[in-house]
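Colleague: Here it is: the structure, laid out below.
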Amino acid sequence: MKNGRAVVLVVEDTAIIRMGAIHLVESAGYEALEACDADEAIQLLEARGDIDLAFTDVQMPGTMDGIKLAHYIRDRWPPVKLLVASGMAIIEESSLPTGSLFSAKPYGEREIVDKMIRLLDDDDRSFAKIEE
Amino acid sequence: MLKLASLLKATAAGSAQIEAYEIDLVRPNRRIRNLVVNACRLDDGDKDRIRILLAVTDVTDVRAEARIKDDLVREKAILLQEIQHRVANSLQIIASVLMQSARKVQSEEVRGHLHNAHHRVMSIAAVQKQLSTSPGGTVDISRYLTQLCDSLGASMIAEPERLSISVKADDASVTAKISVSLGLIVTELVINALKHAFPDQTTGAIKVAYDASGGDWTLSVTDDGIGMPTGSNAPKAGLGTGIVEALTRNLECDLETRGASPGTCVTIRHLGDIDHHEDIRPAA
């Protein structure tokens, strides 16, 4: 959280889609941060402690894809909520960390905003519960 | 080889039978051959001279061919997945550009056009999503229209308690090509109804229906709004109307627009000897 607003980290390698996602996050009233791959995302997560949600693509160049990144984040920063988007129509839910949400590309703006609200508002999805 | 020898002994004694026993034949300076051994005791009534019927088949080449075929099938699946992923990503780029443009423009009218373009792209994308999860290249029309109308409603209806869109469709699968046309027609008609049918009503409902029997099918979009203005009040036909008319012609359908008291009902009827259902021939 920063000044009472949730902070959302957008991880997406395609610049135009990333731009769109940033606008989407901002128009939903959140603070947006951007990274073009998993390594950059991890650097940002290490550098600042106020990221509430990571919204990540799956297929990305670099050392980790979005699924690996999601698991890495859940492992290292358990409170950070996870929203994963991919061009694959179905990703096995079981391949994602518990409590994360998935959207198939191309996603509608409303769909993403609704899912971000659900993740950020839903206390049941907090890490304390998931770790049980 | 020791195991085979003991199995053969047991076969001769009548206590075992060898079925599809695999051995690798290893010889110096020669390639390993995969052999399949079958053996059974011949019961010819002669108890003193026991005979065994033994068959050895060299399956090395057949196995290699099967492996190549498996690799090709796997490669094809990976390529297909890669293409689907690329298509989805490209559609996402187009959708993102249209939404960003819509956010930037000042004119309300232009913004409306950009949003409509976005809806059209998303309606085609929904077909793509369905195709990538359904085998055989066909689209479950009920699931598709429901998903399409849900997403149109989510992005266009600000007060869901006031306006609703419902879908009632028969269980039918149609080809990708036809479902793209049906999706675009429904998109145009639903956008049109949401825009014009309910200027001041407290509530309104849009009903999308698809009925199929044999080669005949009917698609209808009905609203309970104010009905169509007539005479000099009738608006000029827009791009949406043009798209609906062109696609209807292409599908060899009749298009009928009538008052539904209250509201408007648009029906697209296909009476056909050509059965579009379950037709999975590749597009020419």
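No value in this document is a laboratory result; all are computed from the given coordinates. On a predicted model such as this, the values are computed, not experimentally measured, just so you know. A quick note on method: Cβ atoms are made from the backbone with ideal geometry, for glycine too, and the neighbour counts reach across all protein chains shown.
Colleague: With runs of 4+ DSSP H residues as the only contributors, calculate the mean residue ellipticity of chain B at 222 nm using -39,500 (n - 2.57) per run, divided by the residue total and rounded to the nearest 500. Provide the component values of the computation, followed by the final result.
Modeller: Numbers: 6 runs with 132 residues, N = 284.
Rounded to the nearest 500, it is -16000 deg cm²/dmol.
Colleague: Here is a further query. Where nothing but the Cβ of Lys and Arg (+1) and of Asp and Glu (-1) is charged, how large is the charge dipole of the protein assembly as shown around its Cα centre, in debye to the nearest 20? Mind showing how you got there, number by number?
Modeller: Numbers: 46 positive and 61 negative charges, 220 e Å.
So the dipole magnitude of the protein assembly as shown works out to roughly 1060 debye.
Colleague: Give the total of Lys-Lys pairs in the stretch A:7-130 with Cα-Cα distances below 17 Å; include a pair only if its members are 8 or more places apart or on different chains.
Modeller: So the count of such lysine pairs works out to 4.
Colleague: Would you mind ranking A:T14, A:T98, B:T187 so that the residue whose beta carbon has the fewest other beta carbons within 10 Å leads the list?
Modeller: Details: A:T14 18, A:T98 14, B:T187 25.
Exposure proxy ranking, most exposed first: A:T98, A:T14, B:T187.
Colleague: Could you line up A:M1, A:M60 from fewest to most neighbouring Cβ atoms inside 10 Å? Let's see the in-between values first.
Modeller: Values: A:M1 12, A:M60 23.
So the residues, fewest neighbours to most, are A:M1, A:M60.
Colleague: Taking the Kirkwood radius as the inverse of the mean 1/r across Cα pairs, report the Rg/Rh of the stretch B:79-270. List each step's numbers first, then the result.
Modeller: On the way: Rg = 16.8 Å, Rh = 17.5 Å.
Here the Rg-to-Rh quotient is 0.96.
Colleague: Per residue, how big is the convex hull of the protein assembly as shown when only Cα atoms are used? Give it in Å³.
Modeller: On the way: hull volume 109.9 nm³, N = 416.
Enclosed volume per residue, from the Cα hull, is 264 Å³.
Colleague: Same structure, new question: What net charge is computed for the residues neighbouring B:N116, neighbours being all others with C-beta under 12 Å from the C-beta of B:N116, Lys and Arg scored +1, Asp and Glu -1? Please report the intermediate quantities before stating the final value.
Modeller: On the way: positive: B:R111, B:R120, B:K195; negative: B:E109, B:E188.
It works out to a net charge of +1.
Colleague: Tell me the Kirkwood radius of chain A: reciprocal of the mean inverse pair distance over distinct alpha-carbon atoms, in Å.
Modeller: Working: mean 1/r = 0.0691 Å⁻¹.
After inverting the pairwise mean of 1/r, the radius is 14.5 Å.
Colleague: Then there's this: Rounded if a/c is under 1.5, else prolate if a/b is larger than b/c, else oblate: which is the stretch B:2-58, with a ≥ b ≥ c the root eigenvalues of its Cα gyration tensor?
Modeller: Details: a/c = 2.73, a/b = 2.51, b/c = 1.09.
Taking the square roots of the gyration eigenvalues as a ≥ b ≥ c, the stretch B:2-58 is prolate.
Colleague: Output the relative contact order of chain B, whole-number percent, from Cα pairs under 8 angstrom with separation of 6+ residues.
Modeller: Values: 405 pairs, mean separation 32.4, N = 284.
Relative contact order here is 11 percent.
Colleague: Compute the long axis of helix B:141-156 from its Cα atoms, compare it with the longest principal axis of the Cα atoms of chain B, and write down the angle in degrees, 0 to 90, nearest 10.
Modeller: 40
Colleague: Scan chain B and hand back the longest stretch that contains none of the trypsin sites (Lys or Arg not before Pro) lying in DSSP loops with at most 11 other Cβ atoms within 10 Å.
Modeller: Working: sites that count: B:R30, B:R31, B:K47, B:R49, B:K236.
That would be B:50-235.
Colleague: So, one more: In the stretch B:199-257, which GluC sites (Glu not before Pro) fall in coil by DSSP and have 13 or fewer other Cβ atoms within 10 Å? Don't skip to the answer; put the middle values down first.
Modeller: Details: sites: B:E245, B:E252, B:E256; in loops: B:E252.
Answer in residue order: B:E252.
Colleague: Given an 8 Å cut-off on Cα distances and at least 6 residues of separation, report the relative contact order of the stretch A:7-130 as a percent. Let's see the in-between values first.
Modeller: Working: 194 pairs, mean separation 26.6, N = 124.
Relative contact order of the stretch A:7-130: 21 percent.
Colleague: Now a separate question. Could you bin all the Cα-Cα distances of the stretch B:11-140 into 5 Å bins starting at 0 and give me the percent of pairs in each, rounded to whole numbers?
Modeller: 2, 8, 10, 9, 8, 7, 7, 6, 6, 5, 5, 5, 5, 4, 4, 3, 2, 2, 1, 0, 0
Colleague: Of all DSSP beta bridges located in the stretch B:79-270, what percent are antiparallel, nearest 5? Write out the running numbers ahead of the final one.
Modeller: Values: 24 of 31 bridges.
DSSP beta bridges in the stretch B:79-270 are roughly 75 percent antiparallel.
Colleague: Keeping to pairs on different chains or 8 or more places apart, tell me how many lysine pairs in chain B have Cα atoms under 25 Å apart.
Modeller: The result is 14.
Colleague: Moving on. Arrange the following residues from fewest to most other Cβ atoms within 10 Å of their Cβ: B:H118, B:H196.
Modeller: Arranged by neighbour count, lowest to highest, B:H118, B:H196 become B:H196, B:H118.
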